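The next block holds one structure in the form of C-alpha coordinates; read it before the comments.
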Amino acid sequence: MAAQKPEEAPEQRQIVPDVVRQHAEQAAFFWAQRDTLMEDDPPDLHVVAGIDWRLEANLDGLRIAGPAAWPFVVAAYEDFPEKGELFLYGWMAIEQGDSSQIAEAVEMARTSEDDAYGLIGALAWHKAKTIAPLVRDWIGSPDAFKRFLGVSACLEHRVDPKQMLGRLVRDPDVRVRATSLRLAGTLKRADLVQEMSEALEADHERVRIWSAWSLNELGSGDLAQPELKRQVLANGPDALAALRALVKAGPEAEVRAFMGGLLKSPETAPLAVRGAGMLGDRTILHWLMHQMRTPALAVAAGGALLETFPEARSVDGLFTLDPAELGPAFEEHFGDFGVKVPVAEKVKGWGSILS
(Lines give C-alpha, C1' and ligand atoms only; values in the text may rest on other atoms or scores of the structure.)
Protein backbone atom coordinates (compact mmCIF):
# COMPACT_ATOMS: atom_id res chain seq x y z
CA MET A 1 0.00 0.00 0.00
CA ALA A 2 1.35 3.39 -0.98
CA ALA A 3 2.06 5.73 1.90
CA GLN A 4 -0.52 8.49 2.26
CA LYS A 5 0.71 12.01 1.71
CA PRO A 6 0.31 14.34 4.67
CA GLU A 7 -2.50 16.87 4.31
CA GLU A 8 -1.14 20.03 2.79
CA ALA A 9 -1.75 23.31 4.54
CA PRO A 10 -3.77 25.82 2.57
CA GLU A 11 -1.61 28.02 0.38
CA GLN A 12 -0.79 31.33 2.07
CA ARG A 13 -1.46 34.12 -0.37
CA GLN A 14 0.93 36.99 -0.89
CA ILE A 15 -0.53 40.12 0.67
CA VAL A 16 0.31 43.74 1.34
CA PRO A 17 -0.01 43.82 5.15
CA ASP A 18 -0.96 47.50 5.42
CA VAL A 19 -3.74 47.06 2.86
CA VAL A 20 -5.18 43.99 4.58
CA ARG A 21 -4.97 45.70 7.98
CA GLN A 22 -6.91 48.63 6.54
CA HIS A 23 -9.56 46.29 5.10
CA ALA A 24 -10.02 44.69 8.53
CA GLU A 25 -10.24 47.98 10.40
CA GLN A 26 -12.58 49.52 7.83
CA ALA A 27 -14.88 46.48 7.77
CA ALA A 28 -15.28 46.62 11.56
CA PHE A 29 -15.84 50.40 11.45
CA PHE A 30 -18.42 50.31 8.64
CA TRP A 31 -20.46 47.53 10.22
CA ALA A 32 -20.54 49.34 13.57
CA GLN A 33 -21.55 52.53 11.76
CA ARG A 34 -24.25 50.63 9.87
CA ASP A 35 -25.61 49.13 13.09
CA THR A 36 -25.75 52.55 14.74
CA LEU A 37 -27.47 54.10 11.70
CA MET A 38 -30.11 51.37 11.74
CA GLU A 39 -30.96 52.41 15.29
CA ASP A 40 -31.97 55.88 14.07
CA ASP A 41 -35.70 56.55 14.18
CA PRO A 42 -36.46 56.23 11.33
CA PRO A 43 -33.22 55.02 9.71
CA ASP A 44 -32.00 56.59 6.48
CA LEU A 45 -31.91 53.48 4.30
CA HIS A 46 -30.25 55.33 1.42
CA VAL A 47 -27.28 56.20 3.63
CA VAL A 48 -27.22 52.65 5.03
CA ALA A 49 -27.08 51.27 1.48
CA GLY A 50 -23.96 53.36 0.82
CA ILE A 51 -22.33 52.04 3.99
CA ASP A 52 -23.25 48.49 2.95
CA TRP A 53 -21.42 48.95 -0.35
CA ARG A 54 -18.27 50.15 1.43
CA LEU A 55 -18.50 47.35 3.98
CA GLU A 56 -18.83 44.67 1.30
CA ALA A 57 -15.88 46.10 -0.63
CA ASN A 58 -13.65 45.73 2.45
CA LEU A 59 -14.96 42.25 3.20
CA ASP A 60 -14.15 41.34 -0.38
CA GLY A 61 -10.57 42.42 0.22
CA LEU A 62 -10.41 40.07 3.20
CA ARG A 63 -11.89 37.24 1.11
CA ILE A 64 -9.14 37.72 -1.45
CA ALA A 65 -6.46 37.71 1.25
CA GLY A 66 -7.93 34.49 2.68
CA PRO A 67 -6.31 32.92 5.78
CA ALA A 68 -3.52 35.49 5.62
CA ALA A 69 -6.04 38.09 6.80
CA TRP A 70 -6.83 36.27 10.04
CA PRO A 71 -4.00 37.77 12.19
CA PHE A 72 -5.27 41.24 11.32
CA VAL A 73 -8.81 40.27 12.35
CA VAL A 74 -7.51 38.99 15.69
CA ALA A 75 -5.42 42.12 16.20
CA ALA A 76 -8.41 44.37 15.48
CA TYR A 77 -10.48 42.65 18.17
CA GLU A 78 -7.63 42.63 20.70
CA ASP A 79 -7.07 46.37 20.17
CA PHE A 80 -10.75 47.33 20.33
CA PRO A 81 -13.13 44.54 21.46
CA GLU A 82 -16.40 46.24 20.43
CA LYS A 83 -19.39 45.24 18.30
CA GLY A 84 -17.76 46.04 14.95
CA GLU A 85 -14.70 43.99 15.74
CA LEU A 86 -16.86 41.11 16.99
CA PHE A 87 -18.78 41.23 13.72
CA LEU A 88 -15.49 41.06 11.83
CA TYR A 89 -14.20 38.16 13.95
CA GLY A 90 -17.42 36.18 13.56
CA TRP A 91 -17.78 36.94 9.87
CA MET A 92 -14.22 35.89 9.04
CA ALA A 93 -14.42 32.74 11.17
CA ILE A 94 -17.58 31.66 9.33
CA GLU A 95 -16.11 32.69 5.97
CA GLN A 96 -13.12 30.41 6.58
CA GLY A 97 -15.27 27.62 8.01
CA ASP A 98 -12.89 27.18 10.93
CA SER A 99 -14.74 25.53 13.82
CA SER A 100 -12.21 26.61 16.46
CA GLN A 101 -12.38 30.23 15.33
CA ILE A 102 -16.19 30.09 15.31
CA ALA A 103 -16.12 28.67 18.85
CA GLU A 104 -13.89 31.57 19.91
CA ALA A 105 -16.33 34.06 18.37
CA VAL A 106 -19.21 32.45 20.28
CA GLU A 107 -17.35 32.80 23.59
CA MET A 108 -16.51 36.42 22.83
CA ALA A 109 -20.16 37.09 22.07
CA ARG A 110 -21.23 35.33 25.26
CA THR A 111 -19.43 37.93 27.35
CA SER A 112 -20.56 40.95 25.32
CA GLU A 113 -22.91 43.43 26.97
CA ASP A 114 -25.14 44.10 23.97
CA ASP A 115 -26.88 40.76 23.33
CA ALA A 116 -24.12 39.65 20.94
CA TYR A 117 -25.13 42.12 18.23
CA GLY A 118 -21.77 41.78 16.49
CA LEU A 119 -21.92 38.02 16.04
CA ILE A 120 -25.62 38.09 15.14
CA GLY A 121 -24.73 40.72 12.55
CA ALA A 122 -22.12 38.38 11.11
CA LEU A 123 -24.70 35.58 10.91
CA ALA A 124 -27.09 37.96 9.18
CA TRP A 125 -24.47 39.10 6.66
CA HIS A 126 -23.70 35.57 5.49
CA LYS A 127 -26.19 33.77 3.28
CA ALA A 128 -28.66 31.51 5.06
CA LYS A 129 -27.33 28.39 3.35
CA THR A 130 -23.80 29.21 4.52
CA ILE A 131 -24.74 29.33 8.21
CA ALA A 132 -27.42 26.60 8.06
CA PRO A 133 -25.20 23.83 9.55
CA LEU A 134 -24.26 26.08 12.47
CA VAL A 135 -27.85 27.14 13.10
CA ARG A 136 -29.11 23.55 13.02
CA ASP A 137 -26.49 22.62 15.61
CA TRP A 138 -27.08 25.62 17.85
CA ILE A 139 -30.86 25.74 17.83
CA GLY A 140 -31.12 22.34 19.48
CA SER A 141 -28.16 22.82 21.81
CA PRO A 142 -28.40 22.38 25.60
CA ASP A 143 -26.48 25.68 25.75
CA ALA A 144 -29.08 28.47 26.03
CA PHE A 145 -26.74 31.06 24.50
CA LYS A 146 -26.24 28.94 21.39
CA ARG A 147 -30.01 28.48 21.12
CA PHE A 148 -30.32 32.26 21.30
CA LEU A 149 -27.78 32.66 18.49
CA GLY A 150 -29.57 30.04 16.41
CA VAL A 151 -33.04 31.53 16.73
CA SER A 152 -31.65 35.05 16.25
CA ALA A 153 -30.11 33.93 12.96
CA CYS A 154 -33.48 32.50 11.92
CA LEU A 155 -35.10 35.84 12.74
CA GLU A 156 -32.52 37.80 10.74
CA HIS A 157 -33.01 35.56 7.70
CA ARG A 158 -36.76 34.95 8.28
CA VAL A 159 -36.18 31.21 8.22
CA ASP A 160 -38.80 28.95 9.79
CA PRO A 161 -37.35 26.24 12.07
CA LYS A 162 -40.67 24.38 11.67
CA GLN A 163 -41.56 22.05 14.56
CA MET A 164 -38.59 23.22 16.59
CA LEU A 165 -40.19 26.65 16.97
CA GLY A 166 -43.05 25.18 19.00
CA ARG A 167 -40.50 24.17 21.64
CA LEU A 168 -38.47 27.36 21.44
CA VAL A 169 -41.44 29.65 22.21
CA ARG A 170 -41.64 27.83 25.56
CA ASP A 171 -37.89 27.91 26.20
CA PRO A 172 -36.86 28.48 29.84
CA ASP A 173 -34.29 31.07 28.76
CA VAL A 174 -35.81 34.55 28.50
CA ARG A 175 -33.78 35.69 25.48
CA VAL A 176 -34.48 32.50 23.57
CA ARG A 177 -38.19 32.59 24.35
CA ALA A 178 -38.65 36.29 23.53
CA THR A 179 -36.74 36.01 20.23
CA SER A 180 -38.65 32.86 19.31
CA LEU A 181 -41.99 34.55 19.96
CA ARG A 182 -40.92 37.46 17.78
CA LEU A 183 -39.91 35.01 15.05
CA ALA A 184 -43.28 33.26 15.30
CA GLY A 185 -45.07 36.57 14.74
CA THR A 186 -42.75 37.55 11.89
CA LEU A 187 -43.46 34.24 10.16
CA LYS A 188 -47.22 34.48 10.89
CA ARG A 189 -47.18 31.09 12.65
CA ALA A 190 -50.90 30.94 13.48
CA ASP A 191 -50.44 27.44 14.90
CA LEU A 192 -48.60 29.01 17.85
CA VAL A 193 -51.31 31.47 18.92
CA GLN A 194 -51.98 29.45 22.08
CA GLU A 195 -48.33 29.62 23.10
CA MET A 196 -48.28 33.35 22.39
CA SER A 197 -51.39 33.88 24.52
CA GLU A 198 -49.87 31.95 27.41
CA ALA A 199 -46.71 34.03 27.16
CA LEU A 200 -48.73 37.18 27.93
CA GLU A 201 -48.69 36.00 31.55
CA ALA A 202 -44.91 35.49 31.66
CA ASP A 203 -42.88 37.07 34.45
CA HIS A 204 -40.46 38.83 32.11
CA GLU A 205 -41.61 41.87 30.15
CA ARG A 206 -39.40 41.03 27.17
CA VAL A 207 -41.38 37.84 26.69
CA ARG A 208 -44.70 39.63 27.16
CA ILE A 209 -43.98 42.42 24.67
CA TRP A 210 -43.02 40.05 21.87
CA SER A 211 -45.89 37.70 22.56
CA ALA A 212 -48.28 40.68 22.34
CA TRP A 213 -46.54 41.99 19.22
CA SER A 214 -46.81 38.59 17.55
CA LEU A 215 -50.47 38.19 18.44
CA ASN A 216 -51.06 41.59 16.91
CA GLU A 217 -49.24 40.51 13.73
CA LEU A 218 -51.65 37.58 13.51
CA GLY A 219 -54.69 39.83 13.82
CA SER A 220 -55.41 39.19 17.50
CA GLY A 221 -55.06 42.81 18.57
CA ASP A 222 -57.88 42.43 21.08
CA LEU A 223 -55.70 40.02 23.07
CA ALA A 224 -52.54 42.04 22.55
CA GLN A 225 -53.72 45.58 23.29
CA PRO A 226 -53.68 45.51 27.13
CA GLU A 227 -50.04 44.35 27.22
CA LEU A 228 -49.00 46.68 24.40
CA LYS A 229 -50.49 49.63 26.28
CA ARG A 230 -48.71 48.60 29.47
CA GLN A 231 -45.42 48.48 27.59
CA VAL A 232 -45.95 51.95 26.15
CA LEU A 233 -46.92 53.43 29.52
CA ALA A 234 -43.85 51.84 31.13
CA ASN A 235 -41.75 53.62 28.47
CA GLY A 236 -39.19 50.82 28.36
CA PRO A 237 -36.76 49.94 25.56
CA ASP A 238 -39.49 48.37 23.39
CA ALA A 239 -42.10 51.09 23.94
CA LEU A 240 -41.91 52.35 20.35
CA ALA A 241 -42.36 48.85 18.96
CA ALA A 242 -45.41 48.42 21.20
CA LEU A 243 -46.82 51.79 20.12
CA ARG A 244 -46.36 50.96 16.45
CA ALA A 245 -48.20 47.69 17.01
CA LEU A 246 -51.08 49.60 18.64
CA VAL A 247 -51.25 51.95 15.67
CA LYS A 248 -51.38 48.97 13.35
CA ALA A 249 -54.11 47.29 15.41
CA GLY A 250 -56.34 50.41 15.49
CA PRO A 251 -59.01 51.60 15.39
CA GLU A 252 -57.48 55.01 14.72
CA ALA A 253 -59.89 56.93 16.97
CA GLU A 254 -58.91 54.78 19.96
CA VAL A 255 -55.21 55.10 19.12
CA ARG A 256 -55.48 58.89 18.95
CA ALA A 257 -57.30 58.97 22.29
CA PHE A 258 -54.58 56.82 23.85
CA MET A 259 -51.87 59.13 22.48
CA GLY A 260 -53.77 62.09 23.90
CA GLY A 261 -53.40 60.51 27.32
CA LEU A 262 -49.68 60.00 26.74
CA LEU A 263 -49.26 63.70 25.98
CA LYS A 264 -50.42 64.62 29.47
CA SER A 265 -47.34 63.12 31.13
CA PRO A 266 -43.79 64.47 30.63
CA GLU A 267 -42.48 60.89 30.73
CA THR A 268 -44.64 59.64 27.85
CA ALA A 269 -45.26 62.84 25.85
CA PRO A 270 -42.29 62.15 23.50
CA LEU A 271 -43.84 58.78 22.67
CA ALA A 272 -47.11 60.49 21.74
CA VAL A 273 -45.30 62.97 19.50
CA ARG A 274 -43.31 60.21 17.81
CA GLY A 275 -46.45 58.07 17.50
CA ALA A 276 -48.20 60.85 15.61
CA GLY A 277 -45.77 60.18 12.79
CA MET A 278 -46.94 56.59 12.58
CA LEU A 279 -50.49 57.60 11.61
CA GLY A 280 -49.68 58.70 8.07
CA ASP A 281 -51.53 61.98 8.62
CA ARG A 282 -49.84 64.78 6.64
CA THR A 283 -52.08 67.44 8.20
CA ILE A 284 -50.01 67.35 11.42
CA LEU A 285 -47.05 69.34 10.07
CA HIS A 286 -47.90 72.60 11.89
CA TRP A 287 -48.56 70.71 15.11
CA LEU A 288 -45.18 68.99 14.77
CA MET A 289 -43.48 72.37 14.29
CA HIS A 290 -44.95 73.49 17.59
CA GLN A 291 -43.54 70.38 19.35
CA MET A 292 -40.11 71.01 17.82
CA ARG A 293 -39.80 74.17 19.90
CA THR A 294 -39.84 72.14 23.13
CA PRO A 295 -36.42 70.56 23.76
CA ALA A 296 -37.83 67.42 25.41
CA LEU A 297 -40.10 66.77 22.39
CA ALA A 298 -37.90 67.98 19.54
CA VAL A 299 -36.16 64.69 18.69
CA ALA A 300 -39.47 62.80 18.68
CA ALA A 301 -41.02 65.50 16.48
CA GLY A 302 -38.09 65.15 14.07
CA GLY A 303 -38.62 61.41 13.82
CA ALA A 304 -42.34 61.93 13.20
CA LEU A 305 -41.53 64.48 10.51
CA LEU A 306 -39.22 62.11 8.64
CA GLU A 307 -41.71 59.25 8.78
CA THR A 308 -44.67 61.35 7.66
CA PHE A 309 -42.71 63.43 5.13
CA PRO A 310 -39.83 61.23 3.91
CA GLU A 311 -39.00 63.84 1.27
CA ALA A 312 -37.83 66.14 4.09
CA ARG A 313 -34.74 63.97 4.52
CA SER A 314 -33.19 65.38 1.33
CA VAL A 315 -33.74 69.05 2.31
CA ASP A 316 -30.61 70.74 3.65
CA GLY A 317 -30.83 72.69 6.89
CA LEU A 318 -33.97 71.16 8.41
CA PHE A 319 -31.89 69.47 11.14
CA THR A 320 -28.86 70.46 13.17
CA LEU A 321 -26.32 68.33 15.04
CA ASP A 322 -25.62 71.20 17.43
CA PRO A 323 -28.74 71.78 19.56
CA ALA A 324 -27.01 74.75 21.22
CA GLU A 325 -27.66 76.67 17.97
CA LEU A 326 -31.36 76.64 18.90
CA GLY A 327 -30.93 78.56 22.13
CA PRO A 328 -30.09 78.17 25.84
CA ALA A 329 -33.04 75.88 26.59
CA PHE A 330 -31.82 73.35 23.99
CA GLU A 331 -28.22 73.70 25.14
CA GLU A 332 -29.23 73.01 28.72
CA HIS A 333 -31.43 70.04 27.78
CA PHE A 334 -28.95 68.26 25.47
CA GLY A 335 -25.65 69.32 27.00
CA ASP A 336 -22.63 68.24 24.97
CA PHE A 337 -24.44 65.47 23.09
CA GLY A 338 -24.44 65.94 19.32
CA VAL A 339 -28.07 65.03 18.73
CA LYS A 340 -29.87 65.49 15.41
CA VAL A 341 -32.60 68.02 16.18
CA PRO A 342 -35.10 69.66 13.79
CA VAL A 343 -34.90 73.42 13.32
CA ALA A 344 -38.51 74.55 13.68
CA GLU A 345 -38.09 77.81 11.72
CA LYS A 346 -36.43 76.02 8.80
CA VAL A 347 -39.16 73.38 8.81
CA LYS A 348 -41.76 76.17 8.84
CA GLY A 349 -40.19 77.74 5.74
CA TRP A 350 -40.03 74.41 3.96
CA GLY A 351 -43.61 73.63 4.97
CA SER A 352 -44.89 76.88 3.50
CA ILE A 353 -43.41 75.91 0.13
CA LEU A 354 -44.78 72.37 0.48
CA SER A 355 -48.34 73.58 1.02
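The values are calculated or read from the model by the stated rules, or taken from the named source; none is laboratory data. All of these numbers come straight from a predicted model, not from anything done at the bench. Reconstructed Cβ throughout: ideal geometry from the backbone, glycine too, with neighbour counts over all protein chains shown. The protein model used for the area step is the full one, side chains on, heavy atoms only, and it has no ligands, DNA or RNA in it. Shrake-Rupley method; radii C 1.70, N 1.55, O 1.52, S 1.80 Å.
The residues of the chain expose on average 52 square angstrom of accessible surface per residue, using a 1.4 Å probe on protein heavy atoms.
Helices in the chain, meaning DSSP H runs of at least 4 residues, each add -39500 (n - 2.57). Divided by all residues, the mean residue ellipticity at 222 nm is -21000 deg cm²/dmol. Using the average count of surrounding beta-carbon atoms within 10 Å as a protection proxy, the listed peptides 113-122, 186-195, 85-94 rank, highest first, as 85-94, 113-122, 186-195. Can you tell me which of F72, F337, F30 moves the most in a GNM of the chain? Springs connect C-alpha atoms under 10 Å apart. Top of the fluctuation ranking is F337. In percent, rounded to a whole number, the relative contact order of segment 192-287 is 18, using alpha-carbon pairs under 8 Å and six or more apart.
Placing one equal scatterer on every Cα of the chain and applying the Debye formula, the log10 ratio I(q)/I(0) at q = 0.11, 0.14 Å⁻¹ is -0.90, -1.23.
Taking every full run of DSSP H in the chain, the ones that stretch at least 24 Å from end to end by Cα along their long axis and average -0.5 or higher on the Kyte-Doolittle scale are 17-38, 45-65. Its relative contact order, with pairs defined as Cα atoms under 8 Å and 6+ residues apart, puts segment 300-340 at 31 percent.
From most to least packed by mean Cβ count within 10 Å, the peptides 149-156, 237-244, 62-69 give 149-156, 237-244, 62-69. Scanning residues 5 or more positions from T320 or on other chains, those with amide H under 5 Å from its amide H are V341, V343, with H placed 1.01 Å from N in the peptide plane.
With θ taken as phi - 60° and the Karplus curve 6.51 cos²θ - 1.76 cosθ + 1.60 applied, the whole-hertz 3J(HN,Hα) list for segment 314-329 is 8, 8, 5, x, 6, 10, 10, 9, 10, x, 4, 4, 8, x, x, 5 Hz, x standing for glycine and proline. Normalised by the number of residues in segment 205-355, the mean separation of alpha-carbon contacts (under 8 Å, six or more apart) gives a relative contact order of 15 percent. Compute the whole-percent fraction of alpha carbon pairs in segment 135-183 spaced more than 18 Å apart. Everything past 18 Å amounts to 9 percent. GNM on the chain, C-alpha springs below 10 Å: top fluctuator among G327, G140, G61? Greatest mean-square fluctuation among the candidates belongs to G327. Of the residues P270, P161, P310, the one that moves most in a GNM of the chain with alpha-carbon contacts below 10 Å is P310.
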